[in-house]
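The structure appears below as structure tokens.
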Amino acid sequence: MKKIAIGTDHSAVELKSQIIDYLESKGYILSDEGAYTDDSCDYPDYALKVAKKVQKGDAARGILICGTGIGMAIAANKVKGILAAVCTNTLMAEMTRKHNNSNVLCLGVRVSSHRDILEMIDTWLETEYEEGRHRYRLNKISDIENSKL
Ligand code: RB5
């Protein structure tokens with residue numbers, strides 16, 4: 001699990017560069033899906049780019065950052081196979097890996113400090129999915145996605 005796709009809207013372009021440098025220094029391979037300037041832009045465009053990379057297996061995981069993380073998660077979760085989670089603390093980042101097997105992490109630059117964002121990213125990348133009883137529950141989510149319910 002070394003390749004990570006990352007995208008932000010205008011609110012977190014500079015922070016994205018810092019995260020890329022940080023994760024590259026730890027050996028991850030980053031795919032920067034934009035935005036590339038702080039001109040106002042639309043978060044769903046970047047959520048889609050990152051989600052598609054993860055869906056196709058071009059990236060093992062995705063990271064999305066906007067003002068709150070919420071819009072990114074709503075948009076990314078429209079892409080089949082994506083389990084995108086908004087996190088505001090490290091416990092959420094840990095639990096959403098262990099229990100939800102989330103493959104996209106959504107963060108908010110207006111709600112979390114840069115330091116907390118880096119901590120959440122570390123936790124989320126380093127925590128494994130527990131499977132077990134959680135697989136059955138995730139299958140139910142897949143059933144909803146596949147409109148079996
Ligand atoms: C952009 O103004 C803002 O709506 C966006 O960054 C994000 O917070 C949406 O959920």
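The values are calculated or read from the model by the stated rules, or taken from the named source; none is laboratory data. Since the model is a prediction, treat every value here as computed from it, not as a measurement. Note that each Cβ is placed from the backbone with ideal geometry, even for glycine, and that neighbours are counted across all protein chains shown. Accessible surface is based on the protein model in full, side chains and every heavy atom, while ligands, DNA and RNA are left aside. Shrake-Rupley method; radii C 1.70, N 1.55, O 1.52, S 1.80 Å.
Summing Lys, Arg as +1 and Asp, Glu as -1, what charge do residues with Cβ under 10 Å from the Cβ of Leu105 carry, Leu105 excluded?
Surrounding charge for Leu105 is +2.
What is the spread of the Cα atoms of the range 91-142 along each of their three principal axes, largest first, in whole Å?
Sorted largest first, the three principal extents are 35, 18, 14 Å.
Please give the net charge around Thr68, taking every other residue with its beta carbon less than 12 angstrom from that of Thr68, where Lys and Arg add +1 and Asp and Glu add -1.
Surrounding charge for Thr68 is 0.
For the range 35-44, just list the computed ³J(HN,Hα) in residue order, Karplus coefficients 6.51, -1.76 and 1.60, θ = phi - 60°, integers in Hz, with x standing in for Gly and Pro.
5, 10, 9, 8, 5, 4, 8, 10, 4, x
Placing unit charges on C-beta atoms (Lys and Arg positive, Asp and Glu negative, everything else neutral), compute the dipole magnitude of the chain about its Cα centre in debye, rounded to 20.
760
Can you show me the helix-derived [θ] at 222 nm for the chain, built from DSSP H runs with n ≥ 4 at -39,500 (n - 2.57) apiece and divided by the number of residues, rounded to the nearest 500.
-14000 deg cm²/dmol
Where does the charge balance sit around Glu94 when Lys and Arg score +1, Asp and Glu -1, over other residues with C-beta under 14 Å from its C-beta?
Overall, the nearby charge balance is -4.
Would you mind putting 51-60, 30-39 in packing order, based on average other-beta-carbon counts within 10 Å, highest first?
For the peptides 51-60, 30-39, the packing ranking is 51-60, 30-39.
Would you mind telling me which residue in Thr96, Thr88, Thr127 has the biggest mean-square fluctuation in a Gaussian network model of the chain, where springs connect alpha carbons within a distance under 10 angstrom?
Largest GNM mean-square fluctuation: Thr127.
Taking the convex hull of the Cα atoms, report for the range 66-122 its projected area averaged over all directions, in nm².
3.4
Residue by residue through the range 106-123, what is 3J(HN,Hα) from phi via Karplus (6.51 cos²θ - 1.76 cosθ + 1.60, θ = phi - 60°)? Round to whole Hz and write x for glycine and proline.
Per-residue couplings from phi come out as 10, 10, x, 6, 8, 10, 10, 6, 4, 4, 5, 4, 5, 5, 5, 4, 4, 4 Hz.
Amide H neighbours of Leu107 under 5 Å, at least 5 residues apart or on other chains, H built in the peptide plane: list them.
Leu64, Ile65, Cys66
Using the alpha-carbon centroid of each, what span in Å lies between the range 1-41 and the range 93-149?
19
Can you figure out the FRET efficiency of Glu128 with Asn89, using R₀ = 22 Å and their beta-carbon distance, to the nearest 0.05?
In this case the efficiency is close to 0.70.
Taking the Cα atoms of the chain, report the difference between the largest and smallest coordinate on each principal axis, in whole Å and largest first.
41, 28, 28
Ignoring ligands, DNA and RNA, how do Arg97, Arg110, Arg133, Arg115 rank by accessible area with a 1.4 Å probe, largest first?
From most exposed to least exposed: Arg110, Arg115, Arg133, Arg97.
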